[in-house]
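Here is the structure we will look at.
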C-alpha cells in the first residue's frame, strides 16, 4: 500500500479546478439540475447473485428472459411493470441508461453524479473487472465531458484501493470527483485504512457519498473480523456475528458510526445517502424514536446540524409521498436544515417503484419549485464543490 503523503500534494486543492472545462459554463445556468446519486452499472459489473435473491443467475439467462418477454408481450398484462424495468435496466449498456436518465430530465442542463460500486468482495463478477468498470466510465465521460461526475467506489478491505485512489485523483486529466462507500460490504466507516484517506479528502474537499439505508447488498459471511473506532473513538478489532441482512444493516450502515470519524475530521464532506431509507422514515413518522430504524433519522438530523460538511440525499426514499411530505414539514419547522438536503434519485434502482420520469416529477412537484431548485442546484454545488 503506497504512502499517502507521497502523492497527496499532486491533488488539486479546489474541487472546481478538478472539473473538466465543459462543466464550468453549466454551473451558473438557471436551468441546471444536479442529480448527486445515480448508477450506470449493469449485469456485467455485478456478482451473478446480485439481484436480491441468493441465486446464481448468469447474464445469458436474463437475456433469454428479456427475449421471451419481447416476443410474447406477456409482461403487458401478467407481470408487474417494475419486473420488466428491472430486467431491461440491468441488461442495458451504460450509454442506454444514461440516455434514459437524460430523457427524464429533458429541458434541464444536467450534471449527473455517477456512483460506482466495488462488489468484488461478494464473489465472481459476471464479466467486467473492477478496472474495466473504471475504464468504461472514463470512456463514457469522454463522450459526455460536461455531464458526468463519477465517484470512485472504494473498499478498505481490498488491498489495491489506495492504488486506485492515487491513480484517478492525481492524473492530469482528473476525471473522478468523489468517493463512494458501501459499509455493509463488511467494513466500518472508521476502518483504519479509510481514516488514512479522510485527511486528504478533508484537505482537498473530496466529497464522499456513503450508503445509509438497507443492506440489500451485503457480504455473505456470518462471522467477520471488524476493526475501527467505537462510539467514543477508541480503536478496536474483534469478531462480530452477522446472521442476517438486518444485522449487516444495523452494524455497518448506522449513521452513528460516522460520529468518531467526523470528530477526527470535522471538515469532511459526507453525504449520508438515502436519509436512512423508507423504513426509517415510516418509523420516524410514527414517533418510534427508540427503534433502531426510526432513530436513524434523528441521528442524521443531529449530524446535519452538528457538522458543517454533513449532508443527506433523499434518493430512492423520494418515491414515498408520505415521507416526502414529512421532510417538507420538517424543513419548514427548522427541524431539518434546508441547505443540507441534496437532490439525488438513485436511478436506475428507484425504478423498482416506478419510472424515473414519473417519480422525478412527483417529487419535484411535491416539494415545490423553490425548495427543489435549492436542493438540486445550490445545495448540491455546496456538497460537490
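The values are calculated or read from the model by the stated rules, or taken from the named source; none is laboratory data. Values in this document were obtained by computation on a predicted structure and should not be read as measured data. Neighbour counts run over all protein chains shown; Cβ positions are idealised from the backbone, glycine included.
Across region 282-322, what is the number of residues that are modelled with pLDDT under 95 and closer than 18 Å to residue 352 by Cβ?
Here the count works out to 1.
Among the residues of region 223-238, write down those that are over 25 Å from the mean Cα position of the chain (by Cα) and farther than 17 Å from residue 156 by Cα.
223, 232, 233, 234
Within 26 Å of residue 135 (Cβ to Cβ), out of contact with any helix residue (DSSP H, G or I) (no Cβ under 6 Å at 6 or more places or on another chain) and surrounded by fewer than 21 Cβ atoms within 10 Å (Cβ to Cβ), is that true of residue 204?
Yes; evaluated as a whole, the condition is true for this residue.
Any chance region 122-131 includes a residue that's modelled with pLDDT of 95 or more and within 19 Å of the chain's Cα centre (by Cα)?
The answer is no; no qualifying residue exists.
Being farther than 29 Å from residue 127 by Cα, surrounded by 14 or more Cβ atoms within 10 Å (Cβ to Cβ) and modelled with pLDDT of 85 or more narrows it down to one of 91, 27, so name that one.
27
Can you tell me which residues in region 280-325 are under 22 Å from the mean Cα position of the chain (by Cα) and part of a loop (DSSP other than H, G, I, E, B)?
Passing the criteria: 307, 308, 309, 314, 315, 316, 320.
Tell me which residues, restricted to region 145-161, are in contact with a helix residue (DSSP H, G or I) (Cβ under 7 Å, 6 or more places away or on another chain) and more than 25 Å from residue 193 (Cα to Cα).
145, 146, 148
Among the residues of region 59-71, is any modelled with pLDDT of 95 or more and not in a loop (DSSP other than H, G, I, E, B)?
No: region 59-71 contains no residue that is modelled with pLDDT of 95 or more and not in a loop (DSSP other than H, G, I, E, B).
Filter region 169-194 down to the residues that are surrounded by fewer than 21 Cβ atoms within 10 Å (Cβ to Cβ), modelled with pLDDT under 95 and out of contact with any helix residue (DSSP H, G or I) (no Cβ under 7 Å at 6 or more places or on another chain) and list them by number.
171, 172, 173
For region 228-237, indicate whether the set of residues that are assigned to a strand (DSSP E or B) and touching a helix residue (DSSP H, G or I) at 6+ places or on another chain (Cβ under 6 Å) is non-empty.
yes
Scanning region 326-339 for residues that are touching a helix residue (DSSP H, G or I) at 6+ places or on another chain (Cβ under 7 Å) and not in a helix (DSSP H, G or I), which turns out farthest from residue 40 (Cα to Cα)?
Once the filter is applied, the top-ranked residue is 335.
If a residue must be buried (at least 21 other Cβ atoms within 10 Å of the Cβ) and assigned to a helix (DSSP H, G or I), how many such residues does region 263-275 contain?
Number of matching residues: 2.
If I filter region 340-350 for residues that are over 23 Å from residue 214 (Cα atoms), part of a helix (DSSP H, G or I) and in contact (Cβ under 8 Å) with a residue 12 or more places away in the chain, do I get at least one hit?
No; the residues of region 340-350 include none that is over 23 Å from residue 214 (Cα atoms), part of a helix (DSSP H, G or I) and in contact (Cβ under 8 Å) with a residue 12 or more places away in the chain.
Can we say residue 107 is modelled with pLDDT of 95 or more, surrounded by fewer than 14 Cβ atoms within 10 Å (Cβ to Cβ), part of a helix (DSSP H, G or I) and out of contact with any strand residue (DSSP E or B) (no Cβ under 7 Å at 6 or more places or on another chain)?
So residue 107 does not fit the description; no.
Being closer than 20 Å to residue 22 by Cα, surrounded by 19 or more Cβ atoms within 10 Å (Cβ to Cβ) and modelled with pLDDT of 95 or more narrows it down to one of 112, 137, 152, so name that one.
Sole residue among the options that is closer than 20 Å to residue 22 by Cα, surrounded by 19 or more Cβ atoms within 10 Å (Cβ to Cβ) and modelled with pLDDT of 95 or more: 112.
Any chance region 39-53 includes a residue that's exposed (fewer than 15 other Cβ atoms within 10 Å of the Cβ) and modelled with pLDDT under 70?
There is at least one residue in region 39-53 that is exposed (fewer than 15 other Cβ atoms within 10 Å of the Cβ) and modelled with pLDDT under 70.
Given the structure, is residue 368 without any contact (Cβ under 8 Å) to a residue 60 or more places away in the chain and farther than 20 Å from residue 271 by Cα?
Yes: the conditions hold for residue 368.
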